[in-house]
Amino acid sequence: MATKLYVGNLPYSVTQQGLQEKFSAYGEVTSVSVITDRDTGQNKGFAFVEMSSSSEAQKAIDGLNGADMGGRGMKVNEAKPQAPRDNNRSGGGGFGGGRSGGGGGGRW
């Protein structure tokens, strides 16, 4: 069964291909996802790498946690399941209300 790993403290220049090559030394990589900011497209400095088995994932953790990548020590551990999101939040914008009747001379 595939195991997903969290990879943090990455340089902003990291690529999916670069991570694929680095993790492939420890087993079969089934997917790589570098996380980017949805507004700017800028790399956020972390990624998820999925290994084909838990034993290969553990080898990657043992071999790469703390290893240098682009001058930074990577943090590699097993990814935790994503917490469910509350889709019923009522955050955000208020309503604009009506036009005020004062001060504009009455002309629109």
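Every read-out reported here was derived from the displayed coordinates using simple, explicitly stated rules and does not represent laboratory data. The structure displayed is predicted, hence computed values, not measured ones. Reconstructed Cβ throughout: ideal geometry from the backbone, glycine too, with neighbour counts over all protein chains shown.
Numbers at a glance
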quantity: Cα gyration tensor category, rounded, prolate or oblate, for the stretch 3-87 with a/c compared to 1.5; calculated: oblate
quantity: Relative packing of 60-68, 36-44, which averages over residues the other C-beta atoms within 10 Å, highest first; calculated: 60-68, 36-44
